[in-house]
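J.: Handing you a structure now.
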Amino acid sequence: MSSSRVIQVRGVTKTYSLGAIAVQALRGVSLDIERGDFVAIMGSSGSGKSTLMHILGCIDVPTEGRYLLDGVDVRQLDDDDLADVRNRKIGFVFQSYNLVPRTNALANVELPLAYARLSRADRRRRATAALTALGMSDRMDHLPSELSGGQQQRVAIARAIVTNPALILADEPTGNLDSHSTADVLQAFSDLNDEGRTIVVITHEAEVASLARRVIHLSDGEIVADDYGTDATYPPALTPELS
Ligand SMILES: Nc1ncnc2c1ncn2[C@@H]1O[C@H](COP(=O)(O)OP(=O)(O)OP(=O)(O)O)[C@@H](O)[C@H]1O
Ligand SMILES: [Mg+2]
């Protein structure tokens, strides 16, 4: 198995049962994502984008099929292990920022480090560095309510990267932002990708998708298109031993 693949998904389905009704949110998704890639996932409302992201982020598990994150089959992990993987390997960014309201920007970014064996000073140093990288060094003492939407989202991105995760997953990160703030957030993702971080972003916006190297289209729980521009080596061929 190639270690360049941070994500390997094979035949993943997800069925939600609501009483007698079963909703098939994913109907057999297979894909690999290379380390350091920048992937956009597009598709209409209800096509399964967030469901796929929850599985990639170990927030949820597939009904059928396999998911290997960094070569580890998540089926082998219990709830504690999954929480640990989420903490160490994945940074999440959501449309609604999800910052802790009565806590300043710096403390919000320190939060994911609470479980790391770091001194208070080291936590502070890393959170400061992450906020500085996002151009937020002059807003570290501000509460979320004292920040613009774009600034709140940059704090949320700082919080997502402070643990140095292999994978950054973003679900409509610019969905609530004006064009100026969108540009700031996109620049942040671009910079992170230039540093070699793997980014998977769900978006409805062509502007966001245009930044990605690869664009995957979902429709009704299936991949219907996988666009990778003119780069003939993408998307990576699925490794047969996992099929
Ligand atoms: N917890 C759940 N229980 C039952 N059905 C669900 C649940 N979450 C999602 N679904 C259903 O699964 C399908 C896919 O939902 P999903 O949230 O993945 O769509 P999406 O592509 O992210 O849409 P949007 O663009 O509106 O965010 C939808 O039909 C939805 O109603
Ligand atoms: Mg969604």
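The values are calculated or read from the model by the stated rules, or taken from the named source; none is laboratory data. Just so it is clear, the model here is predicted, and its values are computed rather than measured. Reconstructed Cβ throughout: ideal geometry from the backbone, glycine too, with neighbour counts over all protein chains shown.
J.: Looking at the structure I just gave you, is G43 under 30 Å from S210 (Cβ atoms), in contact (Cβ under 8 Å) with a residue 12 or more places away in the chain and within 18 Å of the chain's Cα centre (by Cα)?
T.: Here the answer is yes, as G43 does meet what is asked.
For every residue, the table says whether it meets (1) under 20 Å from M53 (Cβ atoms); (2) more than 22 Å from the chain's Cα centre (by Cα); (3) of a type in the set (F, W, Y).
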position	(1), (2), (3)
T128	no, no, no
M140	no, yes, no
L143	no, yes, no
L186	yes, no, no
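J.: Return the pair list, or none, for Cβ contacts closer than 7 Å from residues in the stretch 108-122 that are within 19 Å of V155 (Cα to Cα) to residues that are among the hydroxyl-bearing types (S, T, Y) and not in a helix (DSSP H, G or I), at least 6 apart or on different chains.
T.: Qualifying pairs under 7 Å: P112/T163; L113/T163.
J.: Report every pair of residues separated by at least 6 positions or lying on different chains whose Cβ atoms are under 7 Å apart, first residue within the stretch 221-237 and modelled with pLDDT of 80 or more, second part of a loop (DSSP other than H, G, I, E, B) and among the charged types (D, E, K, R).
T.: Going by the 7 Å Cβ cut-off, the qualifying pairs are Y228/R213.
J.: Pick out the one residue from A121, A188, A156 that is assigned to a helix (DSSP H, G or I) and at pLDDT below 95.
T.: Every option except A188 fails the conditions.
J.: Hey, can you tell me all the residues within the stretch 22-54 that are near ligand 1 (Cβ under 10 Å from one of its atoms) and either under 21 Å from S4 (Cβ atoms) or hydrophobic (A, V, I, L, M, F, W, C) (or both)?
T.: A22, V23, A25, L26, I41, M42, L52, M53
J.: Right, something else. Search the stretch 36-76 for residues being of a type in the set (D, E, K, R) and within 16 Å of ligand 2 (Cβ to nearest atom), and hand back the single one that is farthest from G196 (Cα to Cα).
T.: D60
J.: Taking the conditions exactly as written (away from ligand 2 (no atom under 16 Å from the Cβ), under 20 Å from A156 (Cα atoms), out of contact with any His (no Cβ under 6 Å at 6 or more places or on another chain) and among the polar types (S, T, N, Q)), does N98 satisfy them or not?
T.: So N98 does not fit the description; no.
J.: Still on this structure, please answer the following. Can you say whether V72 is without any contact (Cβ under 8 Å) to a residue 24 or more places away in the chain and among the aliphatic types (A, V, I, L, M), as far as the supplied structure shows?
T.: yes
J.: Output the residue which, of all residues in the stretch 62-83 that are assigned to a strand (DSSP E or B) and crowded, with 17+ Cβ neighbours inside 10 Å, is farthest from the chain's Cα centre (by Cα).
T.: The extreme case among them is G65.
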